[in-house]
1. So how many residues does region 1-58 have that are touching a Phe, Trp or Tyr at 6+ places or on another chain (Cβ under 7 Å), within 13 Å of residue 73 (Cβ to Cβ) and in a strand (DSSP E or B)?
2. For residue 96, which of the numbered conditions (1) buried (at least 16 other Cβ atoms within 10 Å of the Cβ); (2) within 27 Å of residue 129 (Cα to Cα) fails to hold?
3. Taking the options 31, 99, 92, name whichever one is at pLDDT below 95 and on the phi < 0 side of the Ramachandran plot.
4. Check region 59-76 and report whether any residue there is among the acidic types (Asp, Glu), surrounded by fewer than 18 Cβ atoms within 10 Å (Cβ to Cβ), over 14 Å from the mean Cα position of the chain (by Cα) and outside any loop (DSSP other than H, G, I, E, B).
5. Give me the pairs, please: first residue somewhere in region 31-46 and within 18 Å of residue 20 (Cα to Cα) and hydroxyl-bearing (Ser, Thr, Tyr), second residue anywhere and part of a strand (DSSP E or B) and modelled with pLDDT of 95 or more, beta-carbon distance under 6 Å, and either six or more positions apart or on two chains.
Amino acid sequence: MQAISVRQPYAWAVARGHRRLSNQSEPTSYRGTLLIHAAMRVDLDSCGLPRVRAAGWDPSDPLATLGAAIAVAELTDVCDGGPSCACGEWARQGEHHWRLEDVRPLRRPIVALGRQGGLWTVQPSLAAEVEAMLLEPPSHRERVLTT
């Protein structure tokens, strides 16, 4: 399984379905399942941005944590960020926009070391833990909270 580390609040926005891309300095030919890892650093300047506030940024949300796997998504395409880019308000001009679909937040963060700067390979034990969590039926408490 491949992964990217994303700074908060952007990792939270991806995990909660508000942001369907990740701005990256480099393109990738990889397509497929991608673990979203919340980096150990917060982009403090971004926490007050209107689009982040409008999304409902909540630092007390468990998916707003640092240093943990928080979601799984499908990396389906990469936009070059050129003049014809229509990736929306989350897209940074001049960067590559890794488009994310079928985002599935994890029920609880899984503490893990990540790596900034593009794709990295998930350790087999972390991949197994993520896959097992995605297959677990929701607990009674989780069903009550989502209905």
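The values are calculated or read from the model by the stated rules, or taken from the named source; none is laboratory data. In this text the structure is predicted, and so the values were computed from the model without any measurement. For neighbour counting, all protein chains shown are included, and Cβ atoms are generated from backbone atoms with ideal geometry for every residue, glycine included.
1. Adding up the residues that qualify gives 4.
2. Among (1) buried (at least 16 other Cβ atoms within 10 Å of the Cβ); (2) within 27 Å of residue 129 (Cα to Cα), the lone unmet condition for residue 96 is (2).
3. Going through 31, 99, 92 in turn, just one is at pLDDT below 95 and on the phi < 0 side of the Ramachandran plot: 92.
4. no
5. Between residues of region 31-46 that are within 18 Å of residue 20 (Cα to Cα) and hydroxyl-bearing (Ser, Thr, Tyr) and residues that are part of a strand (DSSP E or B) and modelled with pLDDT of 95 or more, there is no close pair.
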